[in-house]
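To keep things clear, I will list the structure first and then write my remarks on it.
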Amino acid sequence: MSVSTLTILDGGMGRELHRIGAPFRQPEWSALALMEAPETVRQVHDSYVLAGADVLTTNSYALVPFHIGEERFSARGQELADLAGQLGRAAVTAAASGRGVRLAGSLPPLFGSYRPDLFRPEEVERLLRPLIAGLSPHVDLWLAETQGSVIEARAIRTVIGPEDTRPFWLSFTLEDANWEAVVAGQAVPTLRSGESLEEAVQAALDLGVAALLFNCSHADIMEVAVRKVAALLSGPDAPQIGVYANAFAPTAHKHGANEGISDLRHDLSPEDYLRFARRWQDAGATVIGGCCGIGPDYISALSSALRG
């Protein structure tokens, strides 16, 4: 793969806010800094630009009732999404001339990370409309991320609508409680819903995605998923394939979302993450970044090394 085709994503927002001392707690997660100290959100965006990211992601992941509560969402959801878009756009505008940094509008799992069982189709439009309206003036592409099921991904694409022609990127989170079995070849990667990678690929093709990614799962299982998906996708019109893994400790999947701040693993330095990323790239990934716990130093390592 030519290095010119590689796109470097940013890293995680929430844990980086926590690291620099911004307001941060559960259940608000990264939304707390947006509400109380938005300048810290801009600071994190800027740090990823300096690290070499080609795409920044808006800090809108936690702007759902699951994190900020129904009352705050009803009163301020669109306003906060607009602010998240403004902060991301300002960082993109300030990037060095010629960099061509783009802004992705984060559309999160609407009913909680890793919880496809909580999906309520009748609520999708009510929850998405304020996010889309707030982000839309600012973003270059849409990123439905950490999706645990095909049905929610399809619902998000429907609400965005065919009249919005910006690229649609779709990122699924993989079941990683069985990561050791997957790495050993004793199990195959699936979505958190239990749906297969074949079903994920078919959804991506049906929805006309520009990029099919996997995120917020252990780095160990990503190569297997990328190789499988790369074998299923071919041709000049096939979507790009990408990865942005998290740095959660192997036991983190035992804790439900909003139950606390998960521990990070201690065996995943920037150099370790880069070794994983090289394998993803060799397997067919052309979009690579980081999720929870993967900070600017990791993205700098990716940008420096993977671009040759």
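How do the pairs read when you match residues in segment 145-165 that are at positive phi and among the hydroxyl-bearing types (Ser, Thr, Tyr) with residues anywhere that are crowded, with 20+ Cβ neighbours inside 10 Å and in a helix (DSSP H, G or I), using Cβ under 7 Å and keeping only pairs 6 or more apart or on different chains?
none
Of all residues in segment 202-227, how many are polar (S, T, N, Q) and touching a Phe, Trp or Tyr at 6+ places or on another chain (Cβ under 7 Å)?
Within segment 202-227, residues that are polar (S, T, N, Q) and touching a Phe, Trp or Tyr at 6+ places or on another chain (Cβ under 7 Å) number 1.
Quick one: Glu125 ticks every box in (1) free of Cβ contacts under 8 Å to residues at least 60 places away in the same chain; (2) of a type in the set (Asp, Glu); (3) farther than 16 Å from Leu63 by Cα bar one, so which box is it?
Going through the list (1) free of Cβ contacts under 8 Å to residues at least 60 places away in the same chain; (2) of a type in the set (Asp, Glu); (3) farther than 16 Å from Leu63 by Cα, Glu125 breaks only (3).
Would segment 42-57 turn up any residue that is closer than 21 Å to Gln281 by Cα and touching a Cys at 6+ places or on another chain (Cβ under 9 Å)?
no
Does segment 100-111 contain at least one residue that is in a helix (DSSP H, G or I), in contact with a Lys or Arg (Cβ under 7 Å, 6 or more places away or on another chain) and touching a residue at least 40 places away in the same chain (Cβ under 8 Å)?
no
Conditions (1) surrounded by fewer than 22 Cβ atoms within 10 Å (Cβ to Cβ); (2) on the phi > 0 side of the Ramachandran plot; (3) at pLDDT below 95, marked per residue:
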site	(1), (2), (3)
Thr5	yes, no, yes
Leu9	no, no, no
Gln26	yes, no, yes
Met35	yes, no, no
His45	no, no, no
Asn59	no, no, no
Gln78	yes, no, no
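Do we find that Val139 is surrounded by fewer than 20 Cβ atoms within 10 Å (Cβ to Cβ), aliphatic (A, V, I, L, M) and either in contact (Cβ under 8 Å) with a residue 24 or more places away in the chain or on the phi > 0 side of the Ramachandran plot (or both) in this structure?
In short, no.
Considering every residue within segment 128-144, establish whether at least one is assigned to a strand (DSSP E or B) and small (Gly, Ala, Ser).
yes
Of the residues that make up segment 157-166, is at least one modelled with pLDDT of 95 or more, closer than 17 Å to Leu63 by Cβ and out of contact with any Gly (no Cβ under 7 Å at 6 or more places or on another chain)?
Yes, segment 157-166 has at least one match.
The values are calculated or read from the model by the stated rules, or taken from the named source; none is laboratory data. All figures in this text were calculated on a predicted structure; none of them were measured in a lab. Every residue, glycine as well, gets a Cβ built from its backbone with ideal geometry; the counts of neighbours run over all protein chains shown.
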